[in-house]
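Asker: Pasting a structure here, questions to come.
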Amino acid sequence: MKSFRNLQERLPKEFLDRIYAEYGQVQAEKILAGYMTERPITLRVNTLKTEVRAVMRQFQTENLKFERVSWYQDALILKNCKEKDLATHPLYEAGQIYLQSLSSMIPPLILDPKPGQKILDLTAAPGSKSTQLAALMQNQGELLANELNEIRAERLKFNVDRQGASMIQVRHGDGKHLEAAYEGAFDAVLLDAPCSGEGLFLVDESRTYRGWSMKKVRELAAEQKKLFRTAWWALKPGGTMVYSTCTLAKEENEGVLEWALAQYPELKLINLPLHLPQHLLDLTKLSQPQQSSLRIYPSLLMEGFFVARFQKSSL
C-alpha cells in the first residue's frame, strides 16, 4: 500500500527537504500525494487523420469508456484501458490517436500557432508537441523540430511520419547551435526544455527520481539558459515564444524566467491564452504583478508542469 512513509523512504531527502521549505507543509503534501497516484490514460486525437467524434464512436463500439477534456476538445481521458492495450489499438497504429499526458498538451495550446506560420520546436523528441502543433496548424506552414540525441531524433521522425505531419522537418543537432540562416526566422518558438523532471516523479517507479540531485538541477538550469539564448535569437521581432518544463524546481522555472527578462529587455511575458479549471493549477507571480507564469502541480489527472509565454518586441 502506498503511503507517505513509503514515499519519504524512497525519494531523496534533499528533494523532500526542499519541497517542504519552498512550498510549506500543506502544498508539499499535495505534491507528494500526486506522486502516489495512478493516472488514467489520456490521448490526443490527431485531427490530421481523423476527428474526435469518429474516435469516440469507435471507442463506444468497443465499450471503451472515456471522458472529454473541457479545455481541449481533441483530448480524451480513458477510464477502463491500460496503456499497453491502447498501444496496439488500430487507431494508434494508424496514427489517428497519440498517447500524451494532459499537461504535455498545454504548451502547444499556449503557443497558439496559426496556419502558415514558421515554427521552431527546439527540443522536440519524441514529437508529442511537434505533431500537436502541426495539427493545430492544419499541416499548413513550416515547423522545424530539432533533437540533439540521434536515437531520439529517429523516434521523432517515426512519430512525425505516423501522424502524417508533413509540414515538419526534423533536424538532428545541438539546439544551442543553429545555422546562421535561422536568426530571426521564426514566427513562434517552443522551448520545452530538458529538465530534472520533478513533475513526473512516481513513487513506484524509481527510474523517475533516482538520478535527481541539486547538482543536476543547477546544471540543467545553466543548459536551459543556453537553449533560451538560441530560442530568443531564432525568434522574429514581434514573435511569440513558450518556455516550459516538467519540473517544480524554481531554479529551472522562475529562475530562468527572471534571468531571461533581465538579459533581454525586448522580451516580455504576456498573458496565457488558455483557461484551465482552478483546481488544476496555481498561478505564480514573478517580479511584476502583471507578469505571470503557469505552474501545474502533480495530481490525479495532471503531471507537474511549468509554462510561460513571451513576446519579442518589434522595436
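The values are calculated or read from the model by the stated rules, or taken from the named source; none is laboratory data. Because the structure is predicted, anything quoted here is derived from the model rather than measured. Every residue, glycine as well, gets a Cβ built from its backbone with ideal geometry; the counts of neighbours run over all protein chains shown.
Asker: Quick check on Met36: is it of a type outside the set (Asp, Glu) and at pLDDT below 95?
Answerer: The answer is yes for Met36.
Asker: Do you know which of the residues in the range 172-207 that are over 13 Å from Glu147 (Cα atoms) and charged (D, E, K, R) is modelled with the lowest pLDDT?
Answerer: Only one residue fits best here, namely Asp204.
Asker: Of all residues in the range 279-298 being at pLDDT below 90 and in a loop (DSSP other than H, G, I, E, B), which is nearest to Asp187 (Cα to Cα)?
Answerer: In this case the residue turns out to be Gln291.
Asker: For the range 27-34, check the following and say yes or no: at least one residue is assigned to a helix (DSSP H, G or I) and farther than 29 Å from Gln100 by Cβ.
Answerer: No, the range 27-34 contains no residue that is assigned to a helix (DSSP H, G or I) and farther than 29 Å from Gln100 by Cβ.
Asker: Let me ask something else. All but one of (1) crowded, with 20+ Cβ neighbours inside 10 Å; (2) at pLDDT 95 or above hold for Met302; state the number of the condition that does not hold.
Answerer: The one condition Met302 does not meet is (2).
Asker: Here's a follow-up. Could you pull out every one of the strands (runs of 3 or more DSSP E) wholly within the range 53-101 that has 2 or more residues that are touching a residue at least 24 places away in the same chain (Cβ under 8 Å), over 27 Å from Gly197 (Cβ atoms) and not basic (Lys, Arg)?
Answerer: It comes to none.
Asker: Which condition number does Leu78 fail, the rest of (1) touching a strand residue (DSSP E or B) at 6+ places or on another chain (Cβ under 7 Å); (2) in the same structural domain as Leu235 (by TED's automatic domain parsing) being met?
Answerer: (2)
Asker: State yes or no: is Ala33 surrounded by 15 or more Cβ atoms within 10 Å (Cβ to Cβ) and either out of contact with any helix residue (DSSP H, G or I) (no Cβ under 9 Å at 6 or more places or on another chain) or of a type in the set (Gly, Ala, Ser) (or both)?
Answerer: Criteria met by Ala33.
Asker: If Glu93 satisfies every condition in (1) under 30 Å from Asn63 (Cβ atoms); (2) not assigned by TED's automatic domain parsing to the domain that holds Glu62 but one, which is the exception?
Answerer: Tallying (1) under 30 Å from Asn63 (Cβ atoms); (2) not assigned by TED's automatic domain parsing to the domain that holds Glu62, Glu93 fails exactly one: (2).
Asker: Which pairs do you get when a residue that is not assigned by TED's automatic domain parsing to the domain that holds Glu251 and aromatic (Phe, Trp, Tyr), found in the range 10-26, comes within reach of a residue that is in a helix (DSSP H, G or I) and surrounded by 11 or more Cβ atoms within 10 Å (Cβ to Cβ), reach meaning Cβ atoms under 6 angstrom, with the pair 6+ apart or on two chains?
Answerer: Tyr20/Ala28
Asker: Could you figure out which of (1) at positive phi; (2) surrounded by 21 or more Cβ atoms within 10 Å (Cβ to Cβ) isn't true of Gly238?
Answerer: (2)
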